[in-house]
């Protein structure tokens, strides 16, 4: 039995978060070390049981992230992914070494399609690889998870043999991934029940579900697997992940909480941290949450229909099956303005669940005052957007200082930009095809990066109204590697400059880490 499982409570569901591994494999979702550490700390505080911190053999950056996360977790088990090879497992074990609680997660494909075309291995060789990899992983830890990649398309007889082999060799968690999001709930549940009925000693391991969302069924399949006897759900914040993503942590957790009459399961997640966790991740990776996203979307607790509004006024339960407070969503009210002092602002930051060091707070206070001078009404979402951007850019080597722009129909459009590069002020005056083009060209003039291409430029309003802050996302690509940057400001052009500079800082860091001398 997995060391994470509570053997006294058979209805306890282990929440395994793979935002930092599977989630980061989404195009454009890469994070630097500081960002990964911040997300890991929040997941740990949130009550996640197992945090899959990365794939150590994949890169030096992944190895270092797993190693550093292993040092800081207070409650969660830290997990490293590895293929079914000794080299992968050795790398994961070394990365996980500082952790007080660690898991090695090893996998190999088991479907006929994958074995023939991906692995080019016969079933016997795959069974041998399962045995060798699990036994080798057990040399390092007694918490070993084994996954049958493309498990949902694997033949029953062979899947039973593979699972039986993994358990005999010491695997304490058995994961059956719906790797390509092909399964539907009833057949996925049948597969979990089949394993429980046919595999000897299946009770010695925790059955786990890992579902992808290619058909929009990741959450439904995960819950069906739990109803069939699985006791671990693998998921990500906001459902990020390869292709269409993974099962969303916030959705599976709130579904079990809201429908406890049908799913009488318990977990350790502090649901009042869900909204903050969602916003932090969205800002970090530059992937805005769609307004109609379940649980954390901007419209999740909005009611526009007159009939709905009438019902809500009489009894909120008419159209809300959960309270906004249960997921940490506070009503956005005007509480601060340009006359507010440091103490009031600090109290509000604490109330929203954030902490800023003295230097960061001083910088933040100045930006808050600047915003208050421009914007009549300051909402909680405005403050959150500023905090997230302040934290995200706190350690950047290239810092935004000032911007002035000439735009309009008469032309020419140009931007005068000033940046600080490792403390040294540099400026440029550049003409462009519109103000945004001029700003981005000015940044390139100060910090040359000819090979980087702009893949995405996206603007959305943080709150309503014509004076709303703009939150801008910029994605840059260089040599097949992508990074996202974000920036917020009452001036859309300033937000654009901040977002591009944030992305550029991340790109330069990624470029430096790829150099042989760094490795």
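Things to note:
- Screening residue 200 with (1) more than 22 Å from residue 11 (Cβ to Cβ); (2) over 24 Å from the mean Cα position of the chain (by Cα); (3) surrounded by 15 or more Cβ atoms within 10 Å (Cβ to Cβ) gives one miss only, at (3).
- The sole residue among 150, 186 that is within 30 Å of the chain's Cα centre (by Cα) and either surrounded by fewer than 19 Cβ atoms within 10 Å (Cβ to Cβ) or under 18 Å from residue 205 (Cα atoms) (or both) is 186.
- Tally of residues being under 12 Å from residue 367 (Cβ atoms) and over 22 Å from the mean Cα position of the chain (by Cα) across region 379-407: 1
- Test: residue 428 is at pLDDT 95 or above, more than 25 Å from the chain's Cα centre (by Cα) and surrounded by 21 or more Cβ atoms within 10 Å (Cβ to Cβ): no
- Some residue of region 446-467 being over 30 Å from residue 65 (Cα atoms) and modelled with pLDDT of 90 or more: yes
Yes/no per residue for (1) buried (at least 19 other Cβ atoms within 10 Å of the Cβ); (2) in contact with a strand residue (DSSP E or B) (Cβ under 9 Å, 6 or more places away or on another chain); (3) not assigned by TED's automatic domain parsing to the domain that holds residue 501:
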site	(1), (2), (3)
378	yes, yes, yes
386	yes, yes, yes
400	yes, yes, no
420	no, yes, no
444	no, yes, no
453	no, yes, no
456	no, yes, no
472	yes, yes, no
487	yes, yes, no
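- Residue within region 112-123 that is under 15 Å from residue 172 (Cβ atoms) and at pLDDT 95 or above present: no
- Hey, residue 461 under 18 Å from residue 498 (Cβ atoms) and either surrounded by fewer than 17 Cβ atoms within 10 Å (Cβ to Cβ) or not assigned by TED's automatic domain parsing to the domain that holds residue 506 (or both) or not: yes
- Any hit, region 354-374, residues being modelled with pLDDT under 80 and in contact with a helix residue (DSSP H, G or I) (Cβ under 9 Å, 6 or more places away or on another chain): no
- Any hit, region 267-282, residues being touching a residue at least 40 places away in the same chain (Cβ under 8 Å), over 18 Å from residue 353 (Cβ atoms) and buried (at least 21 other Cβ atoms within 10 Å of the Cβ): no
- Total residues in region 163-176 satisfying the condition of being in a loop (DSSP other than H, G, I, E, B) and within 30 Å of the chain's Cα centre (by Cα): the figure is 2.
- Selection count where residues are at pLDDT below 85 and in a loop (DSSP other than H, G, I, E, B), scope region 17-31: 5
The values are calculated or read from the model by the stated rules, or taken from the named source; none is laboratory data. Nothing here was measured: the structure is a model prediction, and the numbers come from that model. Reconstructed Cβ throughout: ideal geometry from the backbone, glycine too, with neighbour counts over all protein chains shown.
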